[in-house]
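Chemist: After the C-alpha cells below, expect a handful of questions from me.
Taken together, the values in this text are just the output of simple stated rules run on the coordinates, not laboratory data. In this text, all values refer to a predicted model and were calculated from it rather than measured experimentally. So basically every Cβ, Gly included, is an ideal-geometry build from the backbone, and we count neighbours across all protein chains shown.
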C-alpha cells in the first residue's frame with residue numbers, strides 16, 4: 001500500500017467515525033426530546049383526568065345539595081303551612097300532627113353538605129319556628145288569644161327563611177333574592 005491509499009483509508013475511516021458519532025449524538029438528543037415529549041403528554045393527560053374527576057365530584061356534590069336543600073325547604077314550608085292553618089282555624093287535625101311534622105324535619109344531610117353559614121341559617125329558621133310554635137301553644141291555651149305576638153314571630157320566621165334561601169342560592173351559585 002502506498003501513502004496515497006493509506007491516507008484515503010484514514011480519511012474514510014475518519015469520515016465513518018464522524019458520521020457514526022454524529023448519528024449517535026443526534027439519536028441520543030432525539031431520544032431525550034422524545035422522552036420529554038412523552039412525559040409532558042402523560043402529565044397533561046393526568047391533569048385533564050384530575051380536572052374531570054374534580055368537575056364530576058363538584059357536579060355530584062351540587063346535585064346532592066340541591067336535593068337536600070329542596071327537601072328541607074319543603075319540610076319547613078309544609079310545617080309552616082300547618083301552623084298557619086291551625087292558627088287560623090283551617091287545620092283541625094290537632095297539634096300532634098304539627099309536633100310530628102316538626103320531628104320529621106331532617107337537617108343531617110344539609111349539615112353535612114352545606115357551608116357553615118347555611119347550617120347556621122338552618123338553625124336560625126328552626127329556632128324561629130320553635131319560638132312561633134311556643135307562642136302558638138300559649139295562644140291556644142288562652143281564652144282571648146292575641147295574634148300580634150304570633151304575627152311578629154311569623155314575620156321573623158319569614159325573614160329567617162328568606163335569608164336561608166338567599167344563602168342557599170349563593171352556595172349553589174344561582175342568582176337569588178337580593179338582600
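Chemist: For residue 40, are the conditions met, namely being in a helix (DSSP H, G or I), under 51 Å from the mean Cα position of the chain (by Cα) and closer than 30 Å to residue 118 by Cα?
Modeler: no
Chemist: Hey, another quick one. For the range 44-58, does any single residue satisfy the condition of being loosely packed, with under 13 Cβ neighbours inside 10 Å and closer than 23 Å to residue 122 by Cα?
Modeler: There is at least one residue in the range 44-58 that is loosely packed, with under 13 Cβ neighbours inside 10 Å and closer than 23 Å to residue 122 by Cα.
Chemist: Okay, moving on. Anything in the range 131-158 that is free of Cβ contacts under 8 Å to residues at least 24 places away in the same chain, assigned to a helix (DSSP H, G or I) and more than 12 Å from residue 80 (Cβ to Cβ)? List them, or say none.
Modeler: Passing the criteria: 134, 135, 138, 141, 148, 149, 151, 152, 155.
Chemist: Also: Looking at 25, 73, 105 in this structure, which one is outside any helix (DSSP H, G or I), over 15 Å from residue 154 (Cβ atoms) and out of contact with any strand residue (DSSP E or B) (no Cβ under 9 Å at 6 or more places or on another chain)?
Modeler: Criteria check complete, one pass: 105.
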